[in-house]
Amino acid sequence: MNTIVGRMGRLYRVMRRTFKVRVVPLFLAVLFGLVRTFVGAAMALDNLLVGRLRRTKVTRPIVLVGNPRTGTTFLQRFLSDEGFGKGMELLLMLYPSLLLQRLLRPVLPLLEKISPAKFHTTDAHQTSLSSVETDDVAVLFRYLDGFFLYGFFLSFEDQDMLPAFDPRVRDTSKRDFEWLDKLWRRSLVLHGTDRNIAKLFSVAVRLPQFLQRFPDAQILYMARDPLSVIPSSMSLVIGVLDRAFGFWSLPEPVRKRWLDRMYKAWILLLQKFHEDWTTGAIDRQRVFIVRYDRMMADFEGMMDEMCAFLEHPMTPALRATIAKRGEKQRKYESEHKYDLAKFGLTEEQIRRDCAFFYDTFLPPLELRTATAAAKQA
């Protein structure tokens, strides 16, 4: 697990044993090596030929942290569209050289047709090479590592590989954050902005390390009812695996083992953040808690507080956009319904295993609002 070759070997073993795919992984391994080498050379040329890049520093990045399906995609794209800064598109994560961006933009429609992102596009999550996406993908593309690798592939290994992605066991923070810094500086130059808007669910388990590396970062932590988050996350990942490899046609013991492991992975993301929050390992002044239920019911009030936290001006145009969006949020009703039994789960199990999260981050919203009002009075 400590080398790309080792991770590639495990990936090939999963593809061969679990999905009965033998030739394609070998082709992808060669392609991965060629792209990685080509990108590295092009980025070296960036440093020589793009003077602005050498002068650009990452300052005050806005970073959305939280489990998948907590509203991170919506909020990242909303903030990016409304001028708070800019997020990175998938194309920039795959080909982060500024020189390559100039060459590839004209052929983007062609690249979209052969992009693996099409396997990830669903009614619940629309994406493409030109979409602003989670920055965790950048680590996957560069190092063939991270929670994406575990969730989609290494969770099928005979040995449970989850500890290899727990920073208390194996911490790749220095490597990953240095790479993100290189990409974020290029994103600032490419988009002509002064702030990055990133989405990093893997930071939930290593936020103290992240804040040490980026001391002026501002964190938006997304909190949503695990009863909604966990089955929705399961469904999203399974949808990709089923379209690509036929997940539901795998033997029942293999599916059950995967479901059990992924459930533990979702819980780990919640537990580690909660542990760092409650023990004082995180400076709470640098974190703004975004409750999903409040974002849907009181988008205007939440955005007022968020703008103050981010020190972003609330202009009349922005306020009008927020009001329009808030009205839409309050009318929204999700069409996605999930059968917990399909994932081997029960409501009692999730409530029990996530009691710590409910108590700390999701007390009754009315009680929280009343308490805040009483303090102001």
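Quick note: the coordinates plus some simple rules give every number you see, no bench work behind them. What you are looking at is a predicted structure, and each value in this text was computed from that prediction instead of being measured. Note that we place each Cβ from the backbone using ideal geometry, even for glycine, and neighbour counts take in every protein chain shown.
Assorted remarks:
- The chain: DSSP helices with Cα axial extent of at least 30 Å and average Kyte-Doolittle hydropathy no lower than 1.6: 23-49
- Going by neighbour counts of Cβ atoms within 10 Å, the residues 178, 157 line up, fewest first, as 178, 157.
- When the chain is described by a simple charge dipole with +1 on each Lys and Arg Cβ and -1 on each Asp and Glu Cβ, the residue from 217, 44, 336 located farthest towards its positive end is 44.
- Rounded to the nearest 20, the size of the Cβ-charge dipole of the chain about its Cα centre is 1180 debye, with Lys and Arg at +1 and Asp and Glu at -1.
- Packing-based ranking, highest mean first, of 258-264, 70-76 given that Cβ atoms within 10 Å are counted: 70-76, 258-264
- Largest GNM mean-square fluctuation across 332, 95, 292, computed for the chain with C-alpha springs under 10 Å, falls on 332.
- Translational D in µm²/s for region 4-372 (Stokes-Einstein at 10 °C, 1.306 mPa s, Kirkwood Rh from C-alpha pairs): 73 µm²/s
- Helical content alone sets the calculated 222 nm signal of the chain at -18000 deg cm²/dmol, taking -39,500 (n - 2.57) per DSSP H segment of four or more residues and averaging over every residue.
- Mean separation of Cα pairs under 8 Å and 6 or more residues apart, divided by the residue count, gives region 4-372 a relative contact order of 22 percent.
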